[in-house]
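The values are calculated or read from the model by the stated rules, or taken from the named source; none is laboratory data. It should be emphasised that the depicted structure is a prediction, and the values quoted were computed from it without experimental measurement. So basically every Cβ, Gly included, is an ideal-geometry build from the backbone, and we count neighbours across all protein chains shown. SASA here: full protein model, heavy atoms, side chains in, ligands and nucleic acids out. Shrake-Rupley method; radii C 1.70, N 1.55, O 1.52, S 1.80 Å.
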Amino acid sequence: MAKQYDFKTIEKKWQDLWYSTKAFEPVEDKSKKKYYSLIEFPYPSGSGLHVGHIRAFSSMEVISRKKRLEGYNVLFPIGYDAFGLPTENYAMQTKRHPREVTDENIKKFEQQLKAVGYSFAWDRTVDTTDPKFFKWTQWIFVEMFKRGLAYKSRTLINFCPQCKVVLANEESQNGVCDRCDSQVIQKEKDVWFLRIRNYAERLLQGLSSVDYSERIRTEQQNWIGKSQGAEIVFNIAEEADLKKNYPLTVFTTRPDTIYGVTFLVVSPEHPMLDFFAKGIKNQKEVKAYQDTAKTKKEIDRIHLSKDKTGIKLSGLVAKNPISGTEIPVFIADYVMMGYGSGAIMAVPGHDQRDWDFAKAFNLPIIEVIAGGDIEKEAFACKDSNATLVNSPLINGLNVNDAVNKMISVLEERGLGKAKTDYKMKDWAFNRQRYWGEPIPIVNCAKCGQVPLPLSELPLELPVLKDFSPTSDASSPLSKCTDWLKATCPKCGGKATRETDTMPQWAGSSWYFLRYMSPEDSNYAVNPKAYDYWANVDWYNGGMEHVTRHLIYSRFWNMFLYDIGAVDDSEPYKRRTYQGLILGADGEKMAKSRGNTVNPDDVIKAYGADTLRVFILFIGDYEKPAPWSPEGIKGSERFIKRVWNLQDMICDNCDTSDLNLDALIKKVSEDYESVKFNTAIAHLMTAVNTVYGRGKITTKELNTILILLNPIAPHITSEIYESVNKKDILNAKYPSWDESKVLSDTIELPVQVLGKLKGKVVVPLNADEKLVLEEIFKQDILKGATIKKAVYVKNRIINLIV
RNA sequence: GCGGUCGUGGCGGAAUGGCAGACGCGCCAGACUUAGAAUCUGGUAUCUUCGAUGUGGGGGUUCAAGUCCCUUCGACCGCACCA
């Protein structure tokens, strides 16, 4: 009789053994197949791990342990994305250094993660705030700079006048400061950008060569936002002096509607306004409008109102390049400088925004596509079969043909060309904060912006007593006058350092490469190590990172590919995601709601194995699921039942009620397709079956233990050891015989006119004749005659009578 | 507005177009207990039985629809005056 199930002792025993013997530290070995499974490394916050992390990490944990049992050499690394605002803010409040706080948090995370029994490669732990790591983050930035992919540009940043602090976008939702709720204002500043737009097409094309969940793929596509259309040049001139003219380029996806253009609109920030500074008669009005637009920006533009505002530029006149009609020019804030060319040709008949504007300003509306009622609303016809009207060159053509014809006309006459644009903006690569990687550039009076050579990297953060943000929206690093002074690497003259730091997304854009050779001091990623480990076979993470981190890291990897640092342009072969764990009340877990669940408490009460089973059993892995304090009891009972199996061993018992081949197949396929809840359900059914008979063979027991081991490693290790006197880590993952998955006899459902009327027992693969004989024997038809029978072998038979 | 996901018992959720509700929670009954906890066994969609009805509503395709198509209502997520 085995002892009482004592999870505390058992879990401690195995964790101590695993971590002291370095059981999960992989070594490059060309004779073994490798497998690289990756989780999104956590941000080591002061509040520690929460159950959401457990769900996020457990999928790859299961896959990693399974792959090891299958004989793979598995790299399943862990690290910390440790630069960031919460740590910095907490450090400021408590008057400590972020370094100290970070180290403390990391320690806590490590201890918590080990208490769950995760099989991470601890020796390879990376920390983005470690100079040995960010040396290479800085190096990548420098390489990008050298190739013109990093540039400085004047832009608007979010600034809270109350806190006197520059805010990240995520801190200023809806134009309100996260901390003090006051209105955020926009300040102009020169900051760094990365030219991710240069990679837009490749980021889009690359999606077809990787295995990402459909939802991830479409979200990335939308984020990149490719749209095809044309650039058309409209000539604008001063009424008073027609020779003073400006070729205004507009971007449109609908060049076919050009005859419907009744006015032009440019963004309030458009450079043509400076060009015509003198020619615009109502300059004062225009200036005032520009000023309001600036303050309005984030706040009002978010709530897109139907009330269009704008100003007609008097003194200017434009011409439709195709029809020759004269049309007025407006500025309006519904046109964004950041997309297309910052100017549009307005077609009020067929674009609702233009229609609204035309109505507000009493402008003509021309129908050029038949079929709508443009008196009531714009007819935004997307049906490519609709017909063009009132358009001399393209009358009668359908939309598709009209688009093509118009583009060729424009190209012939040199008035425009086909053009593809992307919604994705360049990546604002800057923070005016202390706790981030310093940007490794110096400004030299003679040479301009000069990057630091590798020999001067890492450029470490100065030790600052006061690293609070400055009130003038510049980085706290600018207060450190000693640190600012530098010598220009090019000419040896005096220079000053850049003071902005990198955003939080920097380190996470390439950390997965560093795991391959975390200690290497000559390479960001050692080519030999890369050769063996690349690429990431399976990456799991949150949906919230799909449009930022996942795009950014693909971009960095593509860049590293371009400079020959890595051999593949796509870093992740497969990507899946997990749903959120909600509070028991069905709301998002938040300290302020008091509905958070700490994994430590769960482990104390139920043990790590029960927690691991429950977090994967709780529901569809991809969907959000509320934590259930009652539900975990089911997982606890299951684990206890597994424990009791070791007292039921009997090697000569009847096992016909449990098909091991079917069990292995179902569980294994479910693991591989992220269906952990049903995998556990199959194992529960199997355990219930043997429990019912009170007997289990050693083979059955070992199979169940190995299948369950990736999910509940401690208890399965313990039982396996006591039964087999061996460590389950050296066991072989079972395979199944496809021919034995279906049993010899089938209980076949019999339908009459699509309704279930009975069942017959027939041998596997029985033919229709045999099935019908069996049906007559049982008199399921009650004398009716069969007109037609639809028989699906081993599935069902449906009789039409 | 655009794009996406999804509506199934009291609850979490299962169902390659082929027996709807696997598995679990909860609940009910019984067993073991002085009693409770734990454990074990059985039951648990709806309707008054017979056998009929059931996967948000309406229509369609099919021998067969939770699953496919159209339409409608609702929820959630992402993006958003994106030209």
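Normalised by residue count, the range A:493-547 yields a Cα convex hull volume of 142 Å³ per residue.
Bridge orientation summary for chain A: considering DSSP beta bridges with both residues in this region, about 75 percent are antiparallel. Keeping all protein chains in the complex and leaving out DNA, RNA and ligands, what accessible area do you get for residue A:750 with a 1.4 Å probe, in Å² to the nearest 10? Roll a 1.4 Å probe over it and residue A:750 shows about 0 Å². The listed residues A:234, A:145, once ranked by accessible area (1.4 Å probe) with the largest placed first, stand as A:145, A:234.
To the nearest ten degrees, helix A:131-146 and the longest principal axis of the Cα atoms of chain A are 40 degrees apart. Protein-only accessible surface at a 1.4 angstrom probe places the residues A:636, A:587 in the order A:587, A:636, largest first. Label point of residue A:108 set 7 angstrom out along Cα-Cβ; within the range A:559-600, amide nitrogens under 20 Å from it belong to A:589-600. Expressed as cubic angstrom per residue, what is the convex hull volume of the alpha carbon set of the range A:668-801? Spelled out: Cα convex hull of the range A:668-801, divided by residues, is 146 Å³. Surface composition of chain A: carbon and sulfur make up 50 percent of the accessible area, probe 1.4 Å.
Projected label points at residue A:785 and residue A:307, each 7 Å from Cα along the beta carbon direction, are separated by 7.9 nanometres. Would you please classify the overall shape of the range A:666-715 from the alpha carbon gyration tensor, given that a ≥ b ≥ c denote the square roots of the eigenvalues, rounded means a/c under 1.5, and beyond that prolate means a/b larger than b/c while oblate covers the rest? Prolate. With 0.36 nm allotted per residue and the present C-alpha distance subtracted, the residue A:446-residue A:591 stretch has 46.9 nm of extension available. Given a 1.4 Å probe and the protein chains as shown, residue A:249 ends up with an accessible area of around 40 Å². Determine, from the Cβ-Cβ distance of residue A:253 and residue A:544 and an R0 of 25 Å, the FRET efficiency 1/(1 + (r/R0)^6), rounded to the nearest 0.05. That gives a FRET efficiency of 0.25. For residue A:380 and residue A:154, the FRET efficiency from 1/(1 + (r/R0)^6), where r spans their Cβ atoms and R0 equals 60 Å, is about 0.95. The eigenvalues of the Cα gyration tensor, multiplied by 5 and square-rooted, give chain A an equivalent ellipsoid with semi-axes of 57, 41, 23 Å from largest to smallest. In the full protein context, chain A carries 45 Å² of accessible surface per residue, based on a 1.4 Å probe and ignoring ligands, DNA and RNA. Considering all different alpha carbon pairs of the range A:182-257, the Kirkwood hydrodynamic radius works out to 17.1 Å. With each label modelled as a point 7 angstrom along the Cα→C-beta vector, the residue A:487-residue A:30 pair spans 4.5 nm. Across q = 0.11, 0.14 Å⁻¹, the range A:32-104 modelled as identical point scatterers on its alpha-carbon atoms has Debye log10 I(q)/I(0) values of -0.40, -0.57, in the order of the q list. Of A:796, A:632, the residue with the largest accessible area leads and the full order is A:796, A:632 (1.4 Å probe). For q values of 0.16, 0.19 Å⁻¹, compute log₁₀ I(q)/I(0) with the Debye formula on a Cα-only model of the range A:384-520, without solvent. Once normalised to I(0) and log-transformed, intensities are -0.91, -1.19. Computed from the Cβ-Cβ distance with R0 of 51 Å, the FRET efficiency linking residue A:92 to residue A:633 stands at 0.70. Let me test this: with uniform point scatterers at the alpha carbons of the range A:598-713, what is the Debye-based log₁₀ I(q)/I(0) at q = 0.09, 0.15, 0.17 1/Å? Log-scaled intensity ratios, in q order: -0.24, -0.66, -0.83.
Relative to the longest principal axis of the Cα atoms of chain A, the long axis of helix A:549-562 makes an angle of roughly 80 degrees. Karplus-based coupling profile of the range A:578-589, in residue order and whole Hz: 10, x, 6, 9, 8, x, 4, 7, x, 9, 4, 5, with θ = phi - 60° in 6.51 cos²θ - 1.76 cosθ + 1.60 and x standing for Gly or Pro.
Please state the shape class of the range A:512-598: rounded when a/c is under 1.5, otherwise prolate if a/b exceeds b/c and oblate if not, all from the C-alpha gyration tensor. In terms of gyration-tensor shape, prolate.
Note on residue A:235 and residue A:650: the model spin-label points, each 7 Å out from Cα along the C-beta direction, lie 9.9 nm apart.
With the cut-off at under 13 Å, measuring from each backbone N in the range A:234-271 to a point 7 Å along the Cα-to-Cβ line of residue A:408 picks out no residue.
Across the range A:230-253, the residues whose backbone nitrogen lies under 12 Å from the label position 7 Å along the beta-carbon direction of residue A:275 are A:233-238, A:244-250. Length available on full extension from residue A:737 to residue A:454: 0.36 nm per residue minus the Cα-Cα distance, which gives 96.2 nm. Here the extension length gained between residue A:336 and residue A:747 equals 141.4 nm, from 0.36 nm per residue of separation less the Cα-Cα distance.
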